[in-house]
Amino acid sequence: MNGFLARTLVTALGLLAAALLIPGIRISGVLTLLLAAVLFGVVNAVVHPTLSRLTLPLTGVPLLIALLLVNAAMLGLTALVLPGMQVHGVFPAVLGALVVSGVAYAASRF
């Protein structure tokens with residue numbers, strides 16, 4: 001339970017950073033932010049492995065680009081399911097995925 005809570009808080013921090021830094025991402029309130037973090041975690045646990053397996057034939061830079069697009073799709077799917085969250089377009093989704101991933105990476109290094 002502690003690991004789940006820590007990952008959820010880190011994801012919430014990443015989503016907050018994305019909403020503050022990227023003009024095309026909006027999250028309407030703290031409760032929506034926490035729900036988005038939980039839902040993003042669930043979507044990444046359920047859908048992400050399947051989509052990642054589809055990118056296995058790619059190697060090197062194309063694999064990194066494909067994984068970034070998968071993460072952007074997961075962010076967009078989270079926004080699609082959660083009424084208080086909006087992602088307007090592919091470019092904000094990709095930038096948001098970069099921000100969320102960067103925050104998660106920084107937290108894992110800490």
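Observations on the structure shown:
- Extension gain, residue 30 to residue 46: 0.36 nm times the residue separation minus the Cα-Cα distance gives 3.3 nm.
- Alpha-carbon gyration tensor eigenvalues x 5, square-rooted, for the chain, Å: 21, 16, 13
- Spin-label zone in the range 28-68 - amide nitrogen under 16 Å from a point set 7 Å from the Cα of residue 9 along the C-beta vector: 34-35, 37-38
- Ranked packing of 69-81, 15-27, most packed first, by mean Cβ within 10 Å: 69-81, 15-27
- Converting phi to 3J(HN,Hα) with the Karplus coefficients 6.51, -1.76 and 1.60 and the offset θ = phi - 60°, the range 73-88 yields 5, 5, 5, x, 5, 4, 5, 5, 7, 9, x, x, 10, 10, 10, 9 Hz in sequence order, with x at every glycine or proline.
- Here the range 1-58 is described by how far its Cα atoms reach on the three principal axes: 39, 33, 13 Å, from widest to narrowest.
- Spin-label model, residue 53 to residue 106: label points 7 Å out along the Cα-to-beta-carbon direction sit 3.5 nm apart.
- Separation in nanometres of the label points that stand 7 Å from Cα toward Cβ, at residue 65 and residue 20: 3.2 nm
- ³J(HN,Hα) computed for each position of the range 5-18 - Karplus, 6.51 cos²θ - 1.76 cosθ + 1.60, integer Hz, glycine/proline x: 5, 5, 5, 5, 5, 5, 5, 4, 5, x, 5, 5, 4, 5
- With all protein chains modelled, accessible area of residue 50 [1.4 Å, Å²]: 80 Å²
The values are calculated or read from the model by the stated rules, or taken from the named source; none is laboratory data. Values in this document were obtained by computation on a predicted structure and should not be read as measured data. All Cβ positions, glycine included, derive from the backbone under ideal geometry; neighbour counts span all protein chains shown. We work out accessible area using only protein heavy atoms, side chains counted, and drop any ligands, DNA or RNA first. Shrake-Rupley method; radii C 1.70, N 1.55, O 1.52, S 1.80 Å.
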